1. Any idea which residue in segment 3-21 is modelled with the highest pLDDT, counting only those that are farther than 16 Å from residue 34 by Cα and loosely packed, with under 14 Cβ neighbours inside 10 Å?
2. Checking residue 57 against (1) surrounded by 10 or more Cβ atoms within 10 Å (Cβ to Cβ); (2) hydrophobic (A, V, I, L, M, F, W, C); (3) part of a helix (DSSP H, G or I); (4) at pLDDT below 90, only one condition comes out false. Which one?
Amino acid sequence: MIGEFISSNRGVGYLINAASSRYATAEVFAGIGSLLVVVLCMNAGLSLLERSWSRWAPRDALGSQ
């Protein structure tokens, strides 16, 4: 992601960087919003995976009661 901001000519990072240089605020927020959705989905998926693989671990170790 950081590499896209710095030296790429495609991708979401490039889209955000190019839109910010054109002062296209709506495009910048659209890129950031799409990244937010992807990260939230990945976080939820990894949390489910962690719960299923860590059934042997005490609940306190996983951060839930």
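The values are calculated or read from the model by the stated rules, or taken from the named source; none is laboratory data. Everything numeric here is computed off the predicted structure, so don't read it as measured data. Virtual Cβ from ideal backbone geometry, glycine too; neighbours counted across all protein chains shown.
1. The selected residue is 21.
2. Tallying (1) surrounded by 10 or more Cβ atoms within 10 Å (Cβ to Cβ); (2) hydrophobic (A, V, I, L, M, F, W, C); (3) part of a helix (DSSP H, G or I); (4) at pLDDT below 90, residue 57 fails exactly one: (3).
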